[in-house]
Amino acid sequence: MSTRPDFPETFLFGAATAAHQVEGDNRHNDWWRAERQGRLPHSSGAACRHFELYEQDFDLARGFAHNAHRLSIEWSRIEPREGRVDPAALDHYRRVLEALRGRGIEPVLTLHHFTHPCWFADAGAWTRPDNLRAFARYVETVAEALGDLVGWWVTVNEPTVLAKHAHVTGDWPPFGRGDWKAARRTVLGMSRAHRTAYDILHRRLGDVRVGFAHSAPWVMARRPATLLDRFAALSRDLALNRLPVRLAAGPLDFLGVNYYTRALVHWRPRGTARLFGEDWPGPDGEEPRRFSEMGWEVWPQGLELQLRRFSALGVPLLVSENGLATGDEEARSRFLLDHLRAVARALRAGVQVCGYLWWSLLDNFEWAEGFRPRFGLFATDYVSFARTARPAAELFAEIARSRRLPDALNSPYFAPPAVSRRQRPDARR
Ligand code: FCB
């Protein structure tokens, strides 16, 4: 093949995980406590037993051509009681990072991914500005103990998502409902936490890359000609994209873009969040809308649009999460290919995209949804803890190896076109 590859040689291909979702037995955080108290519908328990099986999991990643892997370290393991660092936990994470490096996989390390040590949660977590000191101390500890092994740092994951579930919809600890003030404080507190961590990591480690992971739904008005729909979409976009990125973007070496879906917004005169409108569940145009098992619309164009828009920040963009909860393997492979196409289009347009990380390496504990949603490139058997590669894992490996997108029509991952045409009328009903 003589044409230029679709992805540059330095491009990071890999998957993302988060400690509480895969490790198992994370006993010292606010999620575990709420699970035990029966305040959450599901318990993480042993999760994927990744805490013990990480080497085997990284063998899989390596075998399927990943050259990067995003993971989070669990603050509550490192500092189970305030100010008392557990050296065994730090040693464990050293071994984990060495295991990645030893396989030629670049670690992308998240410092905070939704869970908190219980003592930090009890002190009000991000809603209290004073608590930032505790986070800064944790970052210093981690930088000192693990800094030599990590070049890519994600300070915090999705402040807006945590703020919403923890303080507005009330389905995550500490189960606040309609508490917009706490939600705003959480986003502000986590933005400060990002800036603080940025300074610490650069002061201690010099030339590393530090960013944060932003949940980036593409927001659109359902009826663009209707002023109130447009207003709802604008205010939603302001709250979910513009402001949170602006708040944290001061010091930023890259932006982590977590992209799953678009929000098609229409105005509703009633409801708690009326300023932000509501998601339109009905049809939109000719084509049937496709939704994941999370109820999130599949809309690959939105990834390209977000990458183009965030390119204005002038820093490289890392797709730090993208994936589909489904039991339909063809749909999973198509989702992967369609989103990688969106990334390739952005690259061709000159956007600096430095990598793409699929959510997730394994089926895992999907927060309040439990183990039902299946996001993995590898299926997890929750009885034997065996992992099985899915077709999308093979497709991803093929693309990562060649750095080229296959032609969907000639690819073994998809049914022949005649079959898809016959299926279309049914899908519309
Ligand atoms: C993101 C989270 C990640 C996972 C995916 C499906 O919002 O960052 O932990 O739950 O959604």
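Applying the Karplus relation 6.51 cos²θ - 1.76 cosθ + 1.60 with θ = phi - 60° to the stretch 367-379 yields 3J(HN,Hα) values of 6, 5, 8, x, 8, 5, x, 10, 9, x, 5, 10, 6 Hz, where x marks Gly and Pro. Think of each Lys and Arg Cβ as +1 and each Asp and Glu Cβ as -1; about the Cα centre, that makes the dipole of the stretch 12-410 roughly 1280 debye.
Residues THR110, THR261, THR10, ranked from the fewest to the most other C-beta atoms within 10 Å, line up as THR10, THR261, THR110.
In the chain, the C-alpha radius of gyration followed by the widest Cα-Cα span (Dmax) gives 20.9, 63 angstrom. Whole-percent P(r), the stretch 1-133, all Cα pairs, 10 Å bins from 0: 12, 36, 29, 16, 5, 2, 0.
Extension gain, ARG203 to SER402: 0.36 nm times the residue separation minus the Cα-Cα distance gives 67.9 nm. Please work out whether the stretch 299-382 counts as rounded, prolate or oblate from its C-alpha gyration tensor, where a ≥ b ≥ c are the square roots of the eigenvalues and a/c under 1.5 means rounded, while otherwise a/b larger than b/c means prolate and anything else oblate? Taking the square roots of the gyration eigenvalues as a ≥ b ≥ c, the stretch 299-382 is prolate.
Its relative contact order, with pairs defined as Cα atoms under 8 Å and 6+ residues apart, puts the chain at 17 percent. For LEU12, the amide hydrogen comes within under 5 Å of the amide hydrogens of GLY355, TYR356, counting only partners 5 or more places away or on other chains and with H modelled in the peptide plane.
In the elastic network of the chain, a GNM with C-alpha springs shorter than 10 Å, the most mobile of TRP218, TRP75, TRP296 is TRP296.
All of the numbers you see were taken from the coordinates with simple rules; none came from a lab. Quick caveat, the model's predicted, so the values are computed rather than measured. When we count neighbours, we look across all protein chains shown, and the Cβ atoms used for this are built from the backbone with ideal geometry, even at glycine.
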